[in-house]
Amino acid sequence: MSNTMTTERTARPWHRQVAAVAATLGLLSSLVAGPVYAIPEDEPGGVAMVGDVLVARPVGAAMTAIGTVAFIVSLPLSALGGNVGKAAEKLVVDPARETFVRCLGCRNTGRYHKPKD
C-alpha cells in the first residue's frame, strides 16, 4: 500500500478559461490605455518604460493575436457586408500599431517626437 496522496483537480471547460483570459486582458488594457486626446508629451521616464515593457506590450501583443483570430473568424461575414478593410483595421492593424510602433513608454501611438519649445 502506498502512502502517497493524490489530489484531483477539477478542470474547467476550455471556453470558461478563454473567457476568463479575455476578461482579464480587457481589464488590463483599460488600465494601461492612454488618453484619447493628443497632448504634447515629455520624454518618457524609466518607470513608464518598465511598465510598458512588463504590462502594456504583452497585453497589446495578446490583443493583436486575439484580434487576428477574431478577424479570421469574422472574415466571411465581413466580406458579405463589404467591410473587410475596416474590420482588418480595427481588429488587427490598430492593436498591432499600438503594440509595435508606439515608442517605449509613450502614451500616444507613433514614434517619439521631442516636444517643440
FRET efficiency (H15, L75; Cβ distance; R0 30 Å; to 0.05) is 0.90
Ordering of 88-99, 46-57 by packing [mean C-beta count within 10 Å, highest first]:
88-99, 46-57
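Each value in this text was obtained by applying a stated rule to the coordinates, not by laboratory testing. Remember, predicted model here, so these are calculated numbers, not experimental data. Note that each Cβ is placed from the backbone with ideal geometry, even for glycine, and that neighbours are counted across all protein chains shown.
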